[in-house]
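Have a look at the structure below, then the notes.
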Amino acid sequence: MKEINLDLRNLDEVFPDNFSEEQIASAKTLFLKNLAQQAHKFYGGKIQTAPKAGIYGFNWFNVWYTPGVSKISTSIRDNNEFSFELSNRGNTVGVVSDSTRVLGDGDVTPPGGLGVMEGKAFLMKYLGGIDAFPLCIDSKNSLGENDPDQIIQFVKQCQHSFGAINLEDISQPNCYKVLDTLRNECDIPVWHDDAQGTACVILAGLINALKLAELKIYDAKIILFGAGAANSTMARFLIQYGADPKNIILFDNKGALHRERQDYENDPRFYLQWDLCQNTNPEMVTDIEDAFTRANVLIALSAPGPHTIKPEWIQLMDKKPIVFTCANPIPEIYPYAAKKAGAFITATGRGDFPNQANNSLGFPGILKGALIVRARKITDNMAIRAAESLANYAEKKGLTQDYIIPAMDEFDIFPEEAADVAMQAIKDGVARIILSRDEVYAIAKRDIEYSRKLTEKMQHEGFINKPNQEILNKALKQAIEAVK
């Protein structure tokens with residue numbers, strides 16, 4: 001068995017030479033899952049809390065705690081806005097989930113969501129310089145049903161400890177009511193990353209993909225495969241950005257959305273989908289092959305693949321088809337198969353393929369910008385501005401079919417994104433404080449560099465230990481044996 005590097009840069013090279021492309025793709029997925037299991041056990045999770053203030057002598061305990069801290073409590077009591085200055089609230093995000101729709105695994109129970117929510121907090125710290133805390137809650141009511149009002153009540157009660165709330169992995173239709181209610185009733189930003197975050201980043205990739213395909217968004221025929229929170233929001237963003245709703249067709253697991261879908265009409269919980277039923281697909285196309293015929297864009301956010309999207313459907317699309325298959329952890333069709341079927345540009349939600357259109361490019365910068373200007377909410381305009389920021393950054397570096405969107409390790413994008421989002425917050429009238437773009441950029445860059453240097457210093461000094469080679473080899477061997 002070939003040796004795998006700790007930086008995982010040689011991941012495509014360590015599998016047997018006789019493995020097919022599909023076997024390699026499957027083995028990579030299994031390896032990453034196996035390594036995640038071993039590495040999480042090795043570290044006991046991936047985040048911790050640590051002091052940001054120093055102890056310079058015994059009496060500093062009396063400054064940070066009693067009696068000195070009494071002055072902090074009474075000052076904030078008299079003016080709650082001081083909580084953003086005298087505590088860490090202004091740089092803190094609560095990552096709230098009832099774990100009822102985690103990746104492609106469905107309901108994994110409240111503690112089952114901790115891996116993803118810790119991951120979200122990890123990325124917020126490293127990429128956005130934000131302190132975030134996973135809050136996995138039980139949303140069941142007395143009847144044993146997952147109740148959106150339980151989540152709403154929880155967030156409204158704990159919002160005073162945070163500068164923003166990131167909602168995550170809440171099943172539909174509960175997620176719609178939770179987001180819309182909290183956006184209206186909380187005095188801090190409440191952001192649904194599965195919906196707004198995913199749609200924002202995919203829009204960024206699509207903006208540049210359309211440029212390479214020499215196509216205007218208004219003229220593009222677009223298929224949205226999957227009609228859950230992400231693609232419902234995607235449709236809304238597309239229309240706001242200039243797509244013609246008459247050229248958009250959404251599919252769910254029952255077929256195409258159109259004005260005669262009585263299941264949506266009769267269920268007020270799915271008000272977003274019913275609105276789309278009335279405003280898209282006016283010709284009421286119901287056949288999947290008819291929908292794909294001469295389509296320009298496919299955005300799939302549905303069930304994990306790799307055979308959810310058929311190559312024959314892609315073959316029906318117009319010249320230079322753009323194919324985004326973003327289900328996690330396995331895309332609806334692997335990029336190599338989409339390319340064989342004729343795709344001009346592909347993107348997935350994964351970082352081990354080109355063009356990772358994943359919300360991790362969005363939420364660190366978007367939330368950071370909102371926090372810096374103490375925004376009361378994150379508007380759709382702010383999310384769309386973030387998409388433009390990502391697209392512009394990639395275009396300046398030079399677009400190719402395999403580079404339509406920045407990668408997560410292009411750290412300069414996050415302060416740029418934060419600054420652009422903050423300026424939009426000010427323009428939209430939701431910012432508590434007014435700063436210049438340069439000021440926001442400098443604050444974001446300082447905090448992000450601090451977080452990265454802190455992590456690097458902890459690794460260098462041994463406070464974060466390296467996983468040993470045995471862990472990597474074991475995970476790789478298990479994956480190879482499973483795929484053989």
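Please treat every number below as a calculation from the coordinates, not as lab data. Predicted model only: the values in this text are computed from it and were never measured. Here the Cβ positions follow ideal geometry from the backbone for every residue, glycine too, while neighbour counts run over all protein chains shown.
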- For the pair Lys216 and Gln401, the simple spin-label estimate (label points 7 Å beyond Cα toward Cβ) gives in nm 2.6 nm
- Would you mind checking region 107-145 for residues with the amide N under 19 Å from a putative spin-label position 7 Å along Cα→C-beta of Ala50? 118-134
- Taking amide H positions as placed 1.01 Å from N in the peptide plane, with prolines and chain starts having none, which residues 5 or more places from Leu167, or on another chain, fall under 5 Å of its amide H? Val96, Trp191, His192, Asp193
- Message: Between 0 and 90 degrees, rounded to the nearest ten: what's the tilt of helix 380-397 against the longest Cα principal axis of the chain?
- Response: 80 degrees
- Item | Nearest-ten-degree value, helix 413-428 long axis tilted from longest Cα axis of the chain | 80 degrees
- Between Ala375 and residues 5 or more places away or on another chain, the pairs with built amide H atoms under 5 Å apart involve Arg432
- Cα-based reach from Lys41 at 22 Å (exclusive), listing lysines while leaving out same-chain residues under 8 positions away: Lys28, Lys33, Lys120, Lys125, Lys466, Lys474, Lys477
- Report the extension gain between Asn465 and Asp187 in nm, rounded to one decimal, defined as 0.36 nm multiplied by the number of residues separating them, less their alpha carbon distance. 96.0 nm
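For n ≥ 4 DSSP H runs only, could you compute -39500 (n - 2.57) per run for the chain, divide by its residues and tell me the 222 nm figure to the nearest 500?
Numbers: 19 runs with 220 residues, N = 484.
That comes out to -14000 deg cm²/dmol.
If we sort 222-229, 250-257 on the protection proxy, mean other Cβ atoms within 10 Å, highest first, what's the order?
Values: 222-229: 24.8, 250-257: 18.2.
Ranking, from highest mean packing down: 222-229, 250-257.
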- Computed over the chain: longest principal axis from alpha-carbon atoms vs helix 148-158 long axis, angle to nearest 10 degrees, is 30 degrees
- Item | Length-normalised contact order of region 201-343 in % [C-alpha pairs under 8 Å, at least 6 apart] | 23 percent
- Message: Quick check: convex hull of the Cα atoms in the chain, volume per residue, rounded to a whole Å³?
- Response: 162 Å³
- Item | All lysines inside 17 Å of Lys177 as judged from Cα atoms, apart from same-chain residues fewer than 8 positions distant | Lys140, Lys156, Lys377
- Residue separation between Asn59 and Ile72 times 0.36 nm, minus their alpha-carbon distance, gives in nm 3.0 nm
- Cα lying deepest toward the dipole's positive end in the chain, options Leu86, Ser142, Tyr218, charges on Cβ: Leu86
- Ordering of 46-57, 427-438 by packing [mean C-beta count within 10 Å, highest first]: 427-438, 46-57
- Total charge dipole magnitude, region 346-406, about the Cα centre, Cβ charges on Lys, Arg, Asp, Glu only, Debye to nearest 20: 400 debye
- Item | Hull volume in cubic angstrom per residue (convex hull over the Cα atoms of region 62-188) | 134 Å³
- Message: Among DSSP bridges having both ends in the chain, what percentage is antiparallel? Round to the nearest 5.
- Response: 15 percent
